[in-house]
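Asker: Have a look at this one before I ask anything.
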Amino acid sequence: MRIPILFLFFIVTLNAQEKDTLSAVSYNNLKTLIKSNIRSNPDKAILYSDYLLKKGLEQNDFAKQCLAHSLKGASFRVLGDVSKALEQQLKAKTLLGNVDDPEILVTVYTALGNTYSDLGDFGNVLPSYFEALKTAEANNLKDKVISLKHNLAYFKDQIGESNEALKLLKESKKLLDEGFVGNGVKSFYSSHNDMLQAMVYSKLNQPDSIIVYAKQGLLKKKKHNDEFSLQGLYNYLGIAYTQKNDFDTALKYLKKSDSLSKIIGNSIVLMEVRHSYASLYYKRKEYEKVISILQSSINITERDSLVYQNNDDNYKLIANAYKEIGDYENANLYFEKYMAKYNANKALYNIIDNGFEQKRVEGFKKELEQLRIEKMKQSKYAKYASLLAILIILSLLLLLLKFYKTKKKNEIKFEALLNKLNVSQEIVDTKDVILGEENSQSISIEIKTQILEGLEKLETQEYFLNKDCNSYNVAKKIKTNTSYLSKVVNSHYQKNFNTYINDLRINYAVLKLKDDAKFRRYSIQSIAEELGYKSSDSFTKYFKKHTGLNPSFFIKQLNNLT
């Protein structure tokens, strides 16, 4: 696209005016101006850094040149151009031999550690940070020590050591509370501490903690003109509310984060927000949206060779989305892409915590194997689907046939039971093997008569329907003992006492159900309780034993007759 000459003239004029204005700014104020714009307007910070570099070259001032390269690199990092950021930081590092300023050395090595971390070159991160930390502590640069603990916390979280990250943040908070830095700087670092706490808790899936720290950080960051951090805090709030399944609130914050990411122009943070969107839609089971978002992110990432925290997780999440919609071919494809990517970069990624990364790889391998197994199963299911369907249909037919046969047998039993009722009112009369019958001879005729008359009276009163109807209570009512009662029942009725009571109850139940439509509307449990049984199972057991039918079937057939 051709740029109008007038527009170019305007830009050149604007830059010239900017530089003329800067000529009156002191060195310390210029440093402050650059640093205050890095996280809110990195393009302007680069312009100011170039001016500082020019002045450093003109004055042969290596300290100014070194700082200009480092601050320019930090600005490129905010823009997401990490390769340019590293180029500037390495230029700054080569000038350190000519610089006798511990603050600049700390700034350069801190920025180098940050950039190596962003690139995934983890082997160079800690040496850079430790060099900076050693110098900061030796020169009592408390604000730099706090800043470095923040950077180390970020790195520890990135390699999966969340508890170590929280420990470092606790240490930096203690330094802030002890008042080693001024109020203005303290507010900035305190807000940064809150943001990093929110970041760590997002990995630990503790949404309430994320919300507390992110909202604290937001209140402070808005005072510091730090758009870069605000974008991150909105993203963490989106993650927190996604974890709480409050998707409407999550979307509200993610939209704010997305908007700021576009304004800043940092592709890496924009990809992070897209990952958060995809995670939200995955929880909402909107798998097609997940695939659409991540497919776009992966294309951009692979095209521009972007490295960011959730880069690898994109492959895992899109693979799981494909798995959920049953597309095992693409699920396998993206898991294999992850493995190919990891193996290709093995030499570059000098991981500090090998155990952590190994666990990730093993986890992915297990999931990949599971997907392959599922794919094989899917193939087998397709192959044997028709056979399985036939087997199911045959089984259902057999069950249906068995059901009708059983129903027919039960109908025959029901007819026989009705015919028996028409002939006699006594349906049930069980005979048991009598134990101790010979001993009944020792009981006098008078006592036997008393017991049998007492039993007949209790039958008339339907005492057998009482839940407390047992040999002890019956013996007490007819003024005898349980031994005599048992012997008389055995010898006279040819059954034991419990069988005698159950026969009376079942005989009563059959007649009552036949004659009383209201009684038939009771539940089986209620009928059982009416008959003196403690449970419906006991009633059903004895009813079926004596009639061959379940009480529910008997009731249904009786209702069909009316």
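The values are calculated or read from the model by the stated rules, or taken from the named source; none is laboratory data. Everything numeric here is computed off the predicted structure, so don't read it as measured data. So basically every Cβ, Gly included, is an ideal-geometry build from the backbone, and we count neighbours across all protein chains shown.
Asker: Pick from N473, N496, N410, N481: which is over 60 Å from the mean Cα position of the chain (by Cα) and farther than 21 Å from G532 by Cβ?
Answerer: Working: N473 fails: farther than 21 Å from G532 by Cβ; N496 fails: farther than 21 Å from G532 by Cβ; N410 fails: over 60 Å from the mean Cα position of the chain (by Cα).
It is N481.
Matching residues to (1) hydrophobic (A, V, I, L, M, F, W, C); (2) touching a strand residue (DSSP E or B) at 6+ places or on another chain (Cβ under 7 Å); (3) farther than 28 Å from Y315 by Cβ:
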| residue | (1), (2), (3) |
| --- | --- |
| H192 | no, no, yes |
| V212 | yes, no, yes |
| K223 | no, no, yes |
| D226 | no, no, yes |
| Y234 | no, no, no |
| G238 | no, no, no |
| D246 | no, no, no |
| K256 | no, no, no |
| I268 | yes, no, no |
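Asker: Follow-up. Just the residues that are of a type outside the set (A, V, I, L, M, F, W, C) and surrounded by 15 or more Cβ atoms within 10 Å (Cβ to Cβ), please, taken from the stretch 544-562. Full working, then the answer.
Answerer: Quick first cut of the stretch 544-562, residues of a type outside the set (A, V, I, L, M, F, W, C) only: 544-548, 550-552, 556-557, 559-560, 562.
Within the stretch 544-562, K544, H546, T547, G548, P551, Q557 meet the criteria.
Asker: Could you say which residue among K518, K541, K477 is closer than 27 Å to G454 by Cα, assigned by TED's automatic domain parsing to the domain that holds Q450 and surrounded by fewer than 21 Cβ atoms within 10 Å (Cβ to Cβ)?
Answerer: Numbers: K518 fails: closer than 27 Å to G454 by Cα; K541 fails: closer than 27 Å to G454 by Cα.
K477 is the lone residue from the list that is closer than 27 Å to G454 by Cα, assigned by TED's automatic domain parsing to the domain that holds Q450 and surrounded by fewer than 21 Cβ atoms within 10 Å (Cβ to Cβ).
Asker: Just to be sure before I move on: is N235 in contact (Cβ under 8 Å) with a residue 40 or more places away in the chain, of a type outside the set (D, E, K, R) and farther than 22 Å from K215 by Cβ in the structure I sent? Before you say what the answer is, go through the steps one by one.
Answerer: Numbers: in contact (Cβ under 8 Å) with a residue 40 or more places away in the chain: yes; of a type outside the set (D, E, K, R): yes; farther than 22 Å from K215 by Cβ: no.
No: the conditions fail for N235.
Asker: Give me the helices (runs of 4 or more DSSP H) completely within the stretch 124-177, filtered to those with at least 3 residues that are within 17 Å of A111 (Cβ to Cβ), ordered by residue number. First the steps, then the outcome.
Answerer: Values: elements: 125-138, 142-158, 162-177.
Result: 125-138, 142-158.
Asker: I need the full set of residues from the stretch 480-494 which are in contact with a Phe, Trp or Tyr (Cβ under 8 Å, 6 or more places away or on another chain) and surrounded by fewer than 17 Cβ atoms within 10 Å (Cβ to Cβ), in order please.
Answerer: T482
Asker: Could you pull out the residue among K252, K222, K203, K262 that is in contact with an Asp or Glu (Cβ under 9 Å, 6 or more places away or on another chain) and either free of Cβ contacts under 8 Å to residues at least 12 places away in the same chain or surrounded by fewer than 21 Cβ atoms within 10 Å (Cβ to Cβ) (or both)? Walk me through it before giving the result.
Answerer: Numbers: K252 fails: in contact with an Asp or Glu (Cβ under 9 Å, 6 or more places away or on another chain); K222 fails: in contact with an Asp or Glu (Cβ under 9 Å, 6 or more places away or on another chain); K262 fails: in contact with an Asp or Glu (Cβ under 9 Å, 6 or more places away or on another chain).
Result of the check over K252, K222, K203, K262: K203.
Asker: From the list T562, T480, exactly one residue is at pLDDT below 90 and among the β-branched types (V, I, T). Which is it?
Answerer: Checking each option against the conditions leaves just T562.
Asker: Oh, and also: Give the stretch 501-527 a look and list any residue that's in contact with a helix residue (DSSP H, G or I) (Cβ under 6 Å, 6 or more places away or on another chain) and without any contact (Cβ under 8 Å) to a residue 12 or more places away in the chain, or say none.
Answerer: K512, F519, Q525 - these are the residues of the stretch 501-527 that are in contact with a helix residue (DSSP H, G or I) (Cβ under 6 Å, 6 or more places away or on another chain) and without any contact (Cβ under 8 Å) to a residue 12 or more places away in the chain.
Asker: Can you tell me which residue among L204, L168, L175, L196 is among the aliphatic types (A, V, I, L, M), under 22 Å from F247 (Cα atoms) and not assigned by TED's automatic domain parsing to the domain that holds N310? Don't jump to the end; show me each part of the working.
Answerer: Working: L168 fails: under 22 Å from F247 (Cα atoms); L175 fails: under 22 Å from F247 (Cα atoms); L196 fails: under 22 Å from F247 (Cα atoms).
Exactly one of L204, L168, L175, L196 is among the aliphatic types (A, V, I, L, M), under 22 Å from F247 (Cα atoms) and not assigned by TED's automatic domain parsing to the domain that holds N310, namely L204.
Asker: May I pose another question? How many residues, within the stretch 154-171, are modelled with pLDDT of 85 or more and not charged (D, E, K, R)?
Answerer: Counting residues in the stretch 154-171 that are modelled with pLDDT of 85 or more and not charged (D, E, K, R) gives 7.
Asker: Here is a follow-up. Could you check the stretch 302-322 and list, in sequence order, the residues that are within 21 Å of D157 (Cβ to Cβ) and without any contact (Cβ under 8 Å) to a residue 60 or more places away in the chain? Walk me through it before giving the result.
Answerer: Just the residues of the stretch 302-322 that are within 21 Å of D157 (Cβ to Cβ), to begin with: 306-317.
N310, N311, D312, D313, N314, Y315, K316, L317 - these are the residues of the stretch 302-322 that are within 21 Å of D157 (Cβ to Cβ) and without any contact (Cβ under 8 Å) to a residue 60 or more places away in the chain.
Asker: Return a yes/no flag: does the stretch 130-142 have any residue that is within 25 Å of D194 (Cβ to Cβ) and among the aromatic types (F, W, Y).
Answerer: Let us first name the residues in the stretch 130-142 that are within 25 Å of D194 (Cβ to Cβ), namely 132-133, 136-137, 141-142.
Those still in the list that are among the aromatic types (F, W, Y) too: none.
No, the stretch 130-142 contains no residue that is within 25 Å of D194 (Cβ to Cβ) and among the aromatic types (F, W, Y).
Asker: Hey, another quick one. Only one of (1) within 30 Å of E411 (Cβ to Cβ); (2) of a type in the set (F, W, Y); (3) surrounded by fewer than 18 Cβ atoms within 10 Å (Cβ to Cβ) is not met by Y472, so which one is it?
Answerer: All conditions are met except number (1).
Asker: Determine if the stretch 299-309 includes at least one residue that is modelled with pLDDT of 90 or more, of a type in the set (A, V, I, L, M, F, W, C) and either out of contact with any Cys (no Cβ under 6 Å at 6 or more places or on another chain) or not assigned by TED's automatic domain parsing to the domain that holds Y338 (or both). Can you show your working first?
Answerer: First, pick out the residues of the stretch 299-309 that are modelled with pLDDT of 90 or more: none.
Checked against the condition, which is being modelled with pLDDT of 90 or more, of a type in the set (A, V, I, L, M, F, W, C) and either out of contact with any Cys (no Cβ under 6 Å at 6 or more places or on another chain) or not assigned by TED's automatic domain parsing to the domain that holds Y338 (or both), the stretch 299-309 yields no hits at all.
Asker: Which of the residues that make up the stretch 459-469 are farther than 15 Å from N507 by Cβ and either within 60 Å of the chain's Cα centre (by Cα) or surrounded by 15 or more Cβ atoms within 10 Å (Cβ to Cβ) (or both)? First the steps, then the outcome.
Answerer: Taking the stretch 459-469 and keeping what is farther than 15 Å from N507 by Cβ, we get 461, 466-468.
Selection gives N466, K467, D468.
Asker: While we're here: Testing L112 on (1) closer than 20 Å to I264 by Cα; (2) surrounded by 19 or more Cβ atoms within 10 Å (Cβ to Cβ), one condition comes back false. Which one is that?
Answerer: Checking L112 against (1) closer than 20 Å to I264 by Cα; (2) surrounded by 19 or more Cβ atoms within 10 Å (Cβ to Cβ), the one that fails is (1).
Asker: Next up: Can you say whether E446 is exposed (fewer than 15 other Cβ atoms within 10 Å of the Cβ), modelled with pLDDT of 85 or more and of a type in the set (D, E), as far as the supplied structure shows? Spell out how you get there, then give the answer.
Answerer: Numbers: exposed (fewer than 15 other Cβ atoms within 10 Å of the Cβ): yes; modelled with pLDDT of 85 or more: yes; of a type in the set (D, E): yes.
The answer is yes for E446.
Asker: Next question, about the same structure. Considering only residues of the stretch 495-510 that are out of contact with any Asp or Glu (no Cβ under 8 Å at 6 or more places or on another chain) and under 27 Å from A475 (Cβ atoms), which is surrounded by the fewest Cβ atoms within 10 Å (Cβ to Cβ)?
Answerer: Restricting attention to the stretch 495-510, the residues satisfying the condition of being out of contact with any Asp or Glu (no Cβ under 8 Å at 6 or more places or on another chain) are 497-498, 500-502, 505-506, 509-510.
With under 27 Å from A475 (Cβ atoms) added as a condition, the list becomes 497-498, 500-502, 505-506, 509.
Numbers: F497: 19, N498: 12, Y500: 22, I501: 21, N502: 25, R505: 24, I506: 22, A509: 26.
The extreme case among them is N498.
Asker: Just wondering, is there one or more residues in the stretch 236-256 that are modelled with pLDDT under 90 and over 24 Å from the mean Cα position of the chain (by Cα)? Show your work before the answer.
Answerer: Of the stretch 236-256, the ones modelled with pLDDT under 90 are none.
There is no residue in the stretch 236-256 that is modelled with pLDDT under 90 and over 24 Å from the mean Cα position of the chain (by Cα).
Asker: Select from the stretch 1-17 the residues that are of a type outside the set (A, V, I, L, M, F, W, C) and part of a loop (DSSP other than H, G, I, E, B) and write down the one among them that is modelled with the lowest pLDDT. Explain how you work it out, then say what you get.
Answerer: Filtering the stretch 1-17 down to residues of a type outside the set (A, V, I, L, M, F, W, C) leaves 2, 4, 13, 15, 17.
Next, from what is left, pick out any that are part of a loop (DSSP other than H, G, I, E, B): 2, 4.
Details: R2: 37, P4: 41.
Looking at residues that are of a type outside the set (A, V, I, L, M, F, W, C) and part of a loop (DSSP other than H, G, I, E, B), I get R2.
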